[in-house]
Amino acid sequence: MSADRAPGPPKGRPSFPARLTPGREPAVRAASAVARPPVSPPSARHSSNDAARWAMVRRLQAQGLTHPSVVQAMAAVERHRFVDAGLAYQAYEDTSLPIGLGQTISKPSVVARMLELLCAGQTLPLGRVLEVGTGCGYQAAVLSALASEVYSMERLRGLHDKARQNLRFFRLPNVHLLLGDGSQGYAQGAPYAGIVAAAGGEAIAQAWLDQLQVGGRLVAPVQTDNTQQHLVVVERTPQGYVSQTHEAVLFVPLKSGVV
Ligand code: SAH
């Protein structure tokens, strides 16, 4: 991984993303235990997108999402800003959508489930979190409300650039986008309070286990046989790693190298 692809840890305040509209309230803030309406720019206030997003959150709650901070974070992030304009009308349906280069933005229910598993039993905000598979940047934006720093790595330059563009609007200084092969983790930001992978490999990468802090949690899809992936949660305890296998899922494959 070359230095320009995955820069070292930011010195002082991170420079990304640029503030395009100084003085505006950020769209996402640190989560608190009480759900409250999202802070949106005036132009977006009370739009049909807001109504659709709140309906999405109510459906997630009806399906079992209970973690108040995850509920709030899902309510705060405008998912329609992460998909092509022609797909925006589907942005709040519980469906994955194409984001280019053969990849997809995960379903809202899957994002919520992964983040709920990541946060379970943890004090929020989490410390540093590593996301493997930035894609369009949606989950990184949701994570930014749950963690003090988010390091999000993508191996496809086209999507890394797209995420940078998408996230610029939200001005989230705690999100650091990295171009690199996330199966090696990102040692410069370690140890992590949480690691979440949006692509499924044949096993949990050793680098992720090494880079998880004691007390930290890792959530990743893992190929359990030729046809199936399951969500796996690994907790690093003082006594060692404790792993739990959850429901079957369908994520894009974890690949190696940078393209
Ligand atoms: N969380 C994303 C979901 C993106 S789909 C979102 O909100 O949009 C999963 C992403 O993982 C794809 O963009 C894919 O290119 C990326 N990916 C697959 N293998 C990877 C690897 N080894 N390192 C980094 N990213 C990887």
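Structural remarks
- The candidates 107, 162, 255, arranged from most to least accessible area with a 1.4 Å probe in the full protein assembly, appear as 255, 107, 162.
- Most to least accessible of 94, 181, 161 (protein chains only, probe 1.4 Å): 161, 94, 181
- Taken per residue, the accessible surface of the range 28-249 reaches 39 Å², heavy atoms only and a 1.4 Å probe.
- The Cβ shell under 11 Å around residue 78 holds other residues with a net charge of +2, Lys and Arg each +1, Asp and Glu each -1.
- Rule-of-thumb Rg ratio for the range 28-249 [Cα; 2.2 N^0.38 Å; N residues]: 0.95
- Global form of the range 186-253, assessed from the alpha-carbon gyration tensor, a/c cut-off 1.5: prolate
- Residues in the range 81-95 reached by a label modelled at residue 165 [backbone nitrogen below 17 Å; 7 Å Cα→Cβ]: 81-88
- For residue 151, the amide hydrogen comes within under 5 Å of the amide hydrogens of 129, 130, 131, 176, counting only partners 5 or more places away or on other chains and with H modelled in the peptide plane.
- Residue-count net charge about residue 152 - beta-carbon cut-off 12 Å; Lys, Arg +1, Asp, Glu -1: 0
- For the range 28-249: relative contact order, % (alpha-carbon pairs under 8 angstrom, 6 or more apart): 15 percent
- Per-residue SASA entry for residue 241, accessible area with 1.4 Å probe, Å² rounded to 10: 100 Å²
- In this view, the solvent-accessible surface of residue 132, computed with a 1.4 Å probe and all protein chains in place, comes to about 10 Å².
- Residue-level accessible surface for residue 59, protein heavy atoms, 1.4 Å, Å²: 100 Å²
- For the pair residue 256 and residue 148, the difference between a 0.36 nm per residue extended length and the Cα-Cα distance amounts to 36.1 nm.
The values are calculated or read from the model by the stated rules, or taken from the named source; none is laboratory data. Keep in mind it's a predicted model, so treat the numbers as computed, not measured. Neighbour counts are summed over all protein chains in view; Cβ atoms, including those assigned to glycine, are modelled from backbone coordinates with ideal geometry. The area values use the complete protein model at the heavy-atom level, side chains included, leaving out ligands, DNA and RNA. Shrake-Rupley method; radii C 1.70, N 1.55, O 1.52, S 1.80 Å.
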